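Some notes on the structure that comes next.
Here, each number is a calculation from the coordinates, and none is a lab measurement. These figures come from a predicted structure and were not determined experimentally. Neighbour counts run over all protein chains shown; Cβ positions are idealised from the backbone, glycine included.
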Amino acid sequence: MASRARNPSHWAGNHEFLITRVEPSGRGSTRAASKLSRLLQSFRRHWKTYTVALITVLALLWFVSKDGATRGGGSRTAFFAQSRRGACPVAYPKQSIKEISKGRMPYLLGGKPPGCKQCQAKEYISEFCQYGMVGHGQCDDGQRYYLTQLWLDREFHSILQFTPCDLWPLLKGRTLYFSGDSQTQDFMIAAHCFMYEFTDLGWRALDAQGKTDGPKKEGFVWHTDPGCVLLPEDTRICFIRCDEFECVKKEVVERLAKASEKRDLLVLNFGLHFSEAYEEELKLLVQQVLQLRRDGDFPFLLWKDTAPQHFESTYGEYPQDKPKPPMKCVPIGKNFPPNEGADKWVLKNDHTVEVLDDEFKTIAEGGWRNKITNDVMSKAGIPVVSTWNETLPLWDFHRDNGHGLECTHFCAPSAPQLWLYLLYETLAELAKEKRIETF
Ligand SMILES: *[C@@H]1O[C@H](CO)[C@@H](O)[C@H](O)[C@H]1NC(C)=O
């Protein structure tokens with residue numbers, strides 16, 4: 001795929017190739033006195049090549065200067081989809097671990113590629129997606145460097161070097177739907193932000209027919225109505241806010257059964273707004289989705305597990321006495337008996353959790369919610385984006401919700417960006433196993 005964007009030296013070499021090529025072709029075989037006549041002779045000899053090159057450059061410029069392709073955008077999309085297969089529309093040279101350990105910000109945490117365009121825009125999404133803003137639920141710069149260090153220390157290099165051009169071939173040509181509660185909304189925003197150089201920095205309402213033909217709207221898709229961000233080559237990232245099963249049934253399952261395609265992806269999580277019937281509802285939902293996919297067009301379903309919370313309670317959950325922010329967020333188990341102050345688990349470099357105290361064994365099972373959902377999903381053959389383990393140590397990355405610190409939602413960029421990387425890993429694995437197609 002994006003081999004040019006992956007390797008900075010190769011990319012620079014390409015550029016040089018274009019410049020030096022013009023000179024020798026004139027110099028070697030003529031004695032023309034002036035540079036101009038050499039150039040003219042060269043042009044006469046190679047006019048076909050130059051014309052083709054010029055037309056290609058103009059066509060590319062025309063394509064890039066227009067906003068991202070719209071769904072069903074006609075022949076332009078089809079033409080370029082063919083000619084640019086395999087290429088990443090934005091250059092994201094791979095960052096080395098050495099550069100990152102010297103302070104270069106990973107793309108996932110807001111690092112900018114050289115020559116980026118949307119990063120120059122003076123508007124909210126552009127500024128938000130570069131992170132480090134004060135307020136707006138963002139982490140401060142210190143937290144971004146601390147998170148980088150945390151991953152460097154644990155040799156989690158792949159996440160630090162992750163580029164939008166790695167994700168692009170897995171998204172290209174389809175709609176990626178996110179549906180769920182406010183955590184999933186943060187997850188969708190992480191995806192929107194990571195890919196913001198590919199977008200027009202706006203969103204469009206998603207209608208009942210699955211179309212996004214309406215006007216561009218400002219800001220992020222929020223939790224009012226379903227909406228999408230448009231990317232080139234018939235690609236979209238959409239969000240349908242649903243906290244509970246009833247909504248998922250109506251707004252996601254019924255809607256997408258009528259207005260989506262088999263090649264699309266649906267990333268689903270609802271877990272924090274838990275009901276008595278959760279397990280039964282989930283089983284029903286999964287069977288329904290599998291049936292819809294067998295019978296016709298319905299997206300490929302991925303379940304995202306429920307991330308840990310870090311309230312001051314035994315397993316980090318919101319305490320029974322319902323305290324109000326500002327609250328103190330803490331590492332799960334550490335300040336609880338037995339052995340107050342002692343770590344109760346440790347996250348290993350291979351992403352597994354080792355429990356140090358039997359009392360806390362549900363930590364290794366992903367907490368009680370995920371224990372239930374992981375079981376339902378694995379029995380149904382639905383892939384799970386497992387975020388629990390790697391989110392455990394992020395107790396210090398929660399955010400102020402306007403009334404003070406609370407310990408469910410995370411500041412950006414932190415946990416939601418981690419989940420995006422883990423979604424990428426899951427999709428890459430599915431593509432390798434040929435369970436999803438790439439276009
Ligand atoms: C999380 O940790 C548990 C316990 O060690 C392990 O069984 C599980 O495979 C880990 N999950 C991931 C995604 O690595």
When the charge dipole of the stretch 193-270 is computed with +1 on Lys and Arg Cβ and -1 on Asp and Glu Cβ about the Cα centre, the Cα farthest towards its positive end, among V253, F194, A205, belongs to V253
Once amide hydrogens are built 1.01 Å from N within the peptide plane, the residues lying 5 or more places from L265 or on another chain with amide H under 5 Å from its amide H are T175, L176, Y177, F300
For 318-329, 409-420, 136-147, ranked highest to lowest by mean beta-carbon neighbours within 10 Å, the order is 409-420, 136-147, 318-329
Computed for the stretch 209-338: size of charge dipole around the Cα centre, +1 on C-beta of each Lys and Arg, -1 on C-beta of each Asp and Glu, debye to nearest 20, value 280
Once phi for every residue in the stretch 407-417 is put through the Karplus expression 6.51 cos²θ - 1.76 cosθ + 1.60 (θ = phi - 60°), the whole-Hz ³J(HN,Hα) values, with Gly and Pro written as x, are 10, 9, 7, 10, 6, 9, x, 7, 4, x, 6
Scoring only Lys, Arg, Asp and Glu (+1, +1, -1, -1) among other residues with Cβ under 11 Å from the Cβ of K334 yields -3
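Report the local net charge at N374: Lys and Arg +1, Asp and Glu -1, summed over other residues whose C-beta lies under 12 Å from its C-beta.
Charge balance near N374 sits at 0.
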Summed over the other residues with a beta carbon less than 14 angstrom from that of T426, with K and R at +1 and D and E at -1, the charge totals -3
By the C-alpha gyration tensor axes a ≥ b ≥ c (rounded if a/c is under 1.5, else prolate when a/b exceeds b/c, else oblate), the shape of the stretch 97-432 is oblate
Of the stretch 306-324, those with amide N under 15 Å from the point 7 Å along the Cα→Cβ vector of E359 are 313-316
Taking a straight Cα-to-Cα line shorter than 15 Å from K122, and setting aside same-chain aspartates and glutamates fewer than 8 residues away, one finds E197, D200, E218
Checked the stretch 322-412 against the a/c 1.5 cut and the a/b vs b/c comparison, axes a ≥ b ≥ c from its Cα gyration tensor; verdict oblate
Quick note, the stretch 264-314: a/c under 1.5 would make it rounded; otherwise a/b > b/c is prolate and the rest oblate (a ≥ b ≥ c, C-alpha gyration tensor); here it is oblate
